[in-house]
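Q: Mind having a look at this structure? Questions to follow.
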Amino acid sequence: MALDRDDRRVVALYSALLRDHGPTFKALNWSAKETQHRRFEDLVKLGISPGDRVLDVGCGLGDFLSWLVGQGLQVEYTGIDITPDFVAHCRKVHGAEGRFLEGNILEDLAGLAPQSFDWVVASGVFAHRKDHPWAYMKALIRAMMALAKRGVAFNTQSTLAPYPERWKLFHADPGQTDAHCRATGWTCLLVHDSCQTDFVQYMWRPE
């Protein structure tokens, strides 16, 4: 798996967080488990149902799979992440419930076949990008679309958040993001959270 400079920095960051905090939400740099779970609830609104094939891009510790199981949503789950320590943890803890791959879907779709999943989702994967984050975001959206038979959903922090210039994380412009997604010809919906700190973008493949 080839990693660029930004990928290597992100891997180093999350590997250190895992060493420092163990396999908890803090290893993923979430502020609280509740906010992580709220984003999972948003992703499911894409249309995920029992039996669906789901690809979780940037799966981290496999928490989305655990949450789905806890909700009674038994899906055919695949998680993929560029951080080896995360993938090793997932295979050890969740290997009986899902498939976990170490890879980057920007690299020839990581060997995955086009439209081999019903739904492709990503949660919290853009925040720590430093090198051309908008270009990276657009590239990842394209790759996710190629793998999805039915739809895509992802979340990101928003430029409408209070004082984003004080934060060191990447914030996406919601209007620019929604316009880019709509230009693909897919059916799209963008939803902000109540404080406008972040948003989720939904995309459904045309019939």
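The values are calculated or read from the model by the stated rules, or taken from the named source; none is laboratory data. Note that the structure is predicted; figures quoted are calculated from it, not measured. Here the Cβ positions follow ideal geometry from the backbone for every residue, glycine too, while neighbour counts run over all protein chains shown.
Q: When the residues of the stretch 132-162 are filtered to those that are among the small types (G, A, S) and more than 13 Å from the chain's Cα centre (by Cα), which remaining residue is farthest from F40 (Cα to Cα)? So that I can check it myself, show each step before the final result.
A: At the first step, the residues of the stretch 132-162 found to be among the small types (G, A, S) are 135, 139, 143, 146, 148, 151, 153, 158, 161.
Now narrow it down to the ones that are more than 13 Å from the chain's Cα centre (by Cα): 135, 139, 146, 148, 151, 158, 161.
Values: A135: 25, A139: 23, A146: 22, A148: 18, G151: 16, S158: 18, A161: 20 Å.
Ranking the qualifying residues of the stretch 132-162, first place goes to A135.
Q: Say we look at the stretch 175-207 and pick out the residues that are within 19 Å of L147 (Cα to Cα) and of a type in the set (D, E, K, R); which of these is surrounded by the fewest Cβ atoms within 10 Å (Cβ to Cβ)?
A: Result: E207.
Q: Continuing with the same structure: Considering only helices (runs of 4 or more DSSP H) fully contained in the stretch 1-108, which possess at least 3 residues that are farther than 20 Å from G151 by Cα and basic (K, R)?
A: Values: elements: 5-21, 33-44, 63-70, 84-94.
In the stretch 1-108, the matching helices (runs of 4 or more DSSP H) lie at 5-21.
Q: Sticking with this one: Output the residues belonging to the stretch 51-69 that are surrounded by fewer than 22 Cβ atoms within 10 Å (Cβ to Cβ) and in contact with a strand residue (DSSP E or B) (Cβ under 6 Å, 6 or more places away or on another chain).
A: Kept after step one, since they are surrounded by fewer than 22 Cβ atoms within 10 Å (Cβ to Cβ), are these residues of the stretch 51-69: 51-53, 66-67, 69.
If the condition is that a residue be surrounded by fewer than 22 Cβ atoms within 10 Å (Cβ to Cβ) and in contact with a strand residue (DSSP E or B) (Cβ under 6 Å, 6 or more places away or on another chain), then D52, R53 are the ones that fit.
Q: Would you point out which residue out of A172, A139, A153, A146 is under 21 Å from R205 (Cα atoms), among the small types (G, A, S), touching a residue at least 24 places away in the same chain (Cβ under 8 Å) and surrounded by 20 or more Cβ atoms within 10 Å (Cβ to Cβ)?
A: Result: A153 is the single residue among A172, A139, A153, A146 that is under 21 Å from R205 (Cα atoms), among the small types (G, A, S), touching a residue at least 24 places away in the same chain (Cβ under 8 Å) and surrounded by 20 or more Cβ atoms within 10 Å (Cβ to Cβ).
Q: Output the residue which, of all residues in the stretch 70-91 that are under 19 Å from A27 (Cβ atoms) and touching a Ser or Thr at 6+ places or on another chain (Cβ under 9 Å), is surrounded by the fewest Cβ atoms within 10 Å (Cβ to Cβ).
A: P84
Q: Also, I was wondering about something else. Do we have any residue at all in the stretch 110-124 that's part of a helix (DSSP H, G or I), crowded, with 21+ Cβ neighbours inside 10 Å and either among the polar types (S, T, N, Q) or in contact with a helix residue (DSSP H, G or I) (Cβ under 9 Å, 6 or more places away or on another chain) (or both)?
A: The initial filter retains those residues of the stretch 110-124 that are part of a helix (DSSP H, G or I), namely 110-111.
Of the ones still in play, those that are also crowded, with 21+ Cβ neighbours inside 10 Å are none.
No, because not a single residue in the stretch 110-124 is part of a helix (DSSP H, G or I), crowded, with 21+ Cβ neighbours inside 10 Å and either among the polar types (S, T, N, Q) or in contact with a helix residue (DSSP H, G or I) (Cβ under 9 Å, 6 or more places away or on another chain) (or both).
Q: Scan (1) over 21 Å from D7 (Cβ atoms); (2) surrounded by 17 or more Cβ atoms within 10 Å (Cβ to Cβ); (3) in contact (Cβ under 8 Å) with a residue 40 or more places away in the chain for the single condition H94 breaks and write down its number.
A: All conditions pass for H94, except number (3).
Q: Out of the residues in the stretch 1-30 meeting the condition of being closer than 21 Å to P133 by Cβ and among the hydroxyl-bearing types (S, T, Y), tell me which one is surrounded by the fewest Cβ atoms within 10 Å (Cβ to Cβ).
A: So, considering only residues that are closer than 21 Å to P133 by Cβ and among the hydroxyl-bearing types (S, T, Y), the one surrounded by the fewest Cβ atoms within 10 Å (Cβ to Cβ) is S15.
Q: Got at least one residue in the stretch 10-20 being closer than 24 Å to R142 by Cα, in contact with a Gly (Cβ under 9 Å, 6 or more places away or on another chain) and hydroxyl-bearing (S, T, Y)?
A: Step one: filter the stretch 10-20 for residues closer than 24 Å to R142 by Cα, giving 10-11.
So of that shortlist, the ones also in contact with a Gly (Cβ under 9 Å, 6 or more places away or on another chain) come out as none.
No, the stretch 10-20 contains no residue that is closer than 24 Å to R142 by Cα, in contact with a Gly (Cβ under 9 Å, 6 or more places away or on another chain) and hydroxyl-bearing (S, T, Y).
Q: Enumerate the pairs (first residue in the stretch 32-50 and surrounded by 14 or more Cβ atoms within 10 Å (Cβ to Cβ) and at pLDDT 90 or above; second residue anywhere and assigned to a helix (DSSP H, G or I) and not acidic (D, E)) with beta-carbon separation below 7 Å, excluding pairs fewer than 6 apart on the same chain, so at least 6 apart or on different chains.
A: Listed by first residue and then by second, the contacts come to F40/F64; F40/W67.
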